[in-house]
Amino acid sequence: MSNNAQILSIDIGGTFTDLVLYDLKEGHVRVGKVLTSYPDPAKAVLAGVSKLLANESIHADDIERVIHGTTLVTNALIERRGAKTALLTTRGFRDALEIGNEGRYDIYDLALVKPKPLVERRWRLEVSERIHASGQPIQKLNTTELEEVCLFLKKETVQSIAISFLHAFTNPVHELAAADIISRRLPEMSITLSHQVAPAIREYPRTSTAVANAYVRPLTQKYLQNLANGLKGQHIHAPLHIMLSNGGTCTTETAIEFPVRLVESGPAGGALAGAYWGNRLGYKDVLAFDMGGTTAKAVLSNKGNFDITHQSEVAPVHRFKKGSGLPLLVPMIHLIEIGAGGGSIAGINDLGLPKVGPQSAGSSPGPACYNLGGKEPTVTDADLLLGFLNPDSFAGGSIQLNKEAAQKAYHQLGQAFGLSALRLAMGIHDLVNENMAAAARVHAAERGLDIREHAMVATGGAGPVHACGVAEKLNLKTLIIPPLAGVGSAFGFLLAPISFDFTRTHIAPLYTLSLLTINTMLDKLEKEGHTIVLSAGIPQSDIQVLRSVDLRYQGQGYEIRVALKPGPVNRHTIEEARLSFEIAYRDFYGNLCEGVAIEAVNWRVVVNGPQLDVSGVKLIGNALPNSMDHHRRTAVFDPAVGAIQVAVYQRYQLPIGFQQPGPLIIEEDESTTVVRPGWNLRVDTSRCLVLERASQPGNRTL
C-alpha cells in the first residue's frame, strides 16, 4: 500500500454522476459531482475522475481500488435498447414469456397491458429434450435440431441467446451441451444459461431472468471494458469492482457474466450509507431515503439489517402495480423506487389534476432552470422558486440556476389550473413529498413494520431538501442528514464487501431430508463462492460464509427464509430452522398451520469479504472558521403565510453541538438541507445534522 492509498467510488445516476475518493491511511474524503453524459455515461465518469484527481493533487497510482455502480442495466431494460436476443427452450415452452403466470396484476383494469417480452416470438426457438423434475433425463437433447437453430441464429444475426430448459436447475446437462454446440458453431455469440443465472424453481421467472441477462450482457460487457480501458488510459490500474444489487461488490468479469445482478446497484449504496449512519448514531431501525435527480429510493432496516429479496421486477408497465414488470430471480436489497427526483416533470394527469413524474428531464435537457434546453417544469424548478436552493452555488457552483426560466415554466403550467407559479410550485413540492411518503407507507405495511418508530437517514442531491416534508407525512420524529449526503450512494459503495450469492433448489420435507445431499450441495456452493471472492484479492482468512434456507408449509406458493448456523447441517440444525420458521411465520401471518408438514425449497449461500472500516472518515477542504457567517433569503413553507426571511448557513461552518430551531437552510456543495418550521437542528459529534420534531403541525392546505 502506498502512503496515499485511495479508494475511488463512482455512482452514475440519471442526472448526476457522483465520485468519492477515500484515503485509506488518513480517512480523508474528497468528492466530485458532474452531469451524467448520454448516450455514453463513461465519458462523464472519466472526465469527472480526471477533474477530481487534478483538483485534489492525487496521483493515479495512489488509487488501489475502484468501485462502480451504474444504472446502465436498468435503463437498458426500461428503454429496450439491449442486444438482439434469442431464447432457446424445451419444445412446447417457447411462449412461457408471453403466458407468464396466467394472472392479471389488476383484475379491474379492462384495458390491462402486460409487459412486452424482451425477445420477439420469431426468435423464441424450441428444441426437443426433457429433464424430469427430479433431475432424471427423460428425452435426449436433439442435436440435429440444435444445428438448425444455429443456422437460424446466424442468418438472423442474433447477438445473444438465453437457454432455459425445463427443470434445468435440477440437472443442467442439456443446457451445458446446447451451449457447447452453439459456442462451437457461433463463437461470437453471447450465451446465458438459466441454471447459472437463476438456479431456482418457477419456470417463468427463471426464464425471464435468463433472458434479461442475455439482453443486457453484450451492452454491459462493452461498457465495462471501455470504462476499464478508459481508467487505464488515465493510468489507473487498480482493480475495478462493480456494485451488486444485494449490497456487495464483484469483479468486472463476474459482472459481465451476470449483469442482471446490477439492476439496483446504485440504490444499494444508498441503503448501506443509511444503515451505517443510523447505526453510528445508535438507531437500528432506519428508513434510508435517497432522492437524486431522476428517482427516489426508500429502504427500511429492521434491527440494523436490510432484507434481501430474490424475487423482484424491472421495467413495470405501471410503477406501483406489482406484477406489471419483468420478474427477476436475483438477490437484491428489498427497496422501493419512486419516479420522483429533482428532474421529475410536473404536468397534468388524465383527470386534469397535477402530477409529478415518472418522466424526468434528466441531465439532458435537464430542468428549465439549468438553462440547457429544458422547458418543462420540474421538482428542482419548484424548489428554486420556493427559495430552498441557491441559484449561485447549486452543485458546488458548477451549474448556475436561472430562476426566471423556472418561473416561466411554472407560469405556463399554472395557467391550466388558475394558480400562480409560486402557488403551483408549492403544490408540486408537497405532492412529490406525499408520493414518496405513500410509497414508504405501503412498503412498511407489506413488511409488517411500524414506520413511525424508524429514524430517517436522507441522502442524495434532493433528499435533504424534501426530507422534512416526507418525514412529517410519515409522522417520523428523527431525521439524520449525514456528511456527504449529496453523494450518499457513492459513499455507501465504500462499505460494500466483495460478495456473491448462490442459490440451489432442493425441495423435500424438512424431516426426510438427505443430510448428505444437503451438505454436499452447500459445500459445493461455498467452494464456488470462495473462488469468486479469492479472485478479487481477498485473503482466505477474511472470507465469511452465511447460509440460509427457504421454508414453507407443503402446498403453499411462497417461502420464508431462515438462517442456518455455521457447520455441517445435522438434525439439530434442522430443528433450529423449524423453530425459526414458526417464529417468523407467526410474526408475519398471525398463526401457524398446525399439522401441515414443513418443506425446504431453496438453499442459499452468501460468501463475503470484509467490510471497510470508515469510522475515521474526515472531510477535506471544510476547515471550520472562527465565526459562523450566514445570510438570509426568502423562502416559502406555507402558501397561507407566504414568503418569510430564513437564515442560511454553510454546513461545515457549523460547530459540533450547534443547535437552532427551524426554519433555516443549510447549504453544502453537493446538497441543501431544508429545516422546516417545527423542527430543531443540532450538529452531532459525527458531524451529522440531526433534526428532531418539536411540534406536530397540522395538514397544510394548498
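The values are calculated or read from the model by the stated rules, or taken from the named source; none is laboratory data. A quick note: this is a predicted structure, and the numbers were derived from the prediction, not measured. In this analysis, Cβ positions are derived from the backbone assuming ideal geometry, glycine residues included, and neighbour counts consider all displayed protein chains.
No other residue among Gly304, Gly230 is surrounded by fewer than 24 Cβ atoms within 10 Å (Cβ to Cβ), in contact (Cβ under 8 Å) with a residue 60 or more places away in the chain, in contact with a helix residue (DSSP H, G or I) (Cβ under 9 Å, 6 or more places away or on another chain) and of a type in the set (Gly, Ala, Ser) apart from Gly230.
Tell me whether segment 164-172 contains one or more residues that are within 27 Å of Pro316 (Cα to Cα), out of contact with any His (no Cβ under 8 Å at 6 or more places or on another chain) and surrounded by fewer than 24 Cβ atoms within 10 Å (Cβ to Cβ). Yes, some residue in segment 164-172 is within 27 Å of Pro316 (Cα to Cα), out of contact with any His (no Cβ under 8 Å at 6 or more places or on another chain) and surrounded by fewer than 24 Cβ atoms within 10 Å (Cβ to Cβ). Taken as a whole, the structure places Val330 among residues that are part of a loop (DSSP other than H, G, I, E, B), touching a helix residue (DSSP H, G or I) at 6+ places or on another chain (Cβ under 7 Å) and within 30 Å of Pro117 (Cβ to Cβ).
Just one of the numbered conditions (1) assigned to a strand (DSSP E or B); (2) in contact with a helix residue (DSSP H, G or I) (Cβ under 9 Å, 6 or more places away or on another chain); (3) modelled with pLDDT of 90 or more is not true of Leu546: (2).
In the condition set (1) over 29 Å from Leu151 (Cα atoms); (2) in contact with a Pro (Cβ under 9 Å, 6 or more places away or on another chain); (3) buried (at least 24 other Cβ atoms within 10 Å of the Cβ), Arg202 is compliant with all but (3). Taking the stated definitions as given, is Ala445 of a type in the set (Gly, Ala, Ser), touching a residue at least 60 places away in the same chain (Cβ under 8 Å) and surrounded by fewer than 19 Cβ atoms within 10 Å (Cβ to Cβ)? When the stated conditions are applied, Ala445 does not pass them. Would you mention how many residues in segment 352-363 are at pLDDT 85 or above and part of a loop (DSSP other than H, G, I, E, B)? Number satisfying all stated conditions: 2. Note on segment 405-456: residues that are aliphatic (A, V, I, L, M), at pLDDT 90 or above and not in a helix (DSSP H, G or I) amount to 3.
Screening the candidates Leu619, Leu546 for the property of being farther than 30 Å from Leu449 by Cα and surrounded by 13 or more Cβ atoms within 10 Å (Cβ to Cβ) yields one hit, Leu619. Assess whether Leu125 counts as being part of a strand (DSSP E or B) and more than 30 Å from the chain's Cα centre (by Cα). Here the answer is yes, as Leu125 does meet what is asked. Take the conditions in a loop (DSSP other than H, G, I, E, B) and more than 25 Å from Asp106 (Cα to Cα) and apply them to Gly366. Does it pass? Yes; evaluated as a whole, the condition is true for this residue.
Within segment 558-606, the set of residues being surrounded by 16 or more Cβ atoms within 10 Å (Cβ to Cβ) and hydroxyl-bearing (Ser, Thr, Tyr) comprises Thr573, Ser580, Tyr585. Report, by residue number, each residue of segment 595-631 that is modelled with pLDDT of 90 or more and more than 30 Å from the chain's Cα centre (by Cα). Residues satisfying the conditions are Val596, Ala597, Ile598, Glu599.
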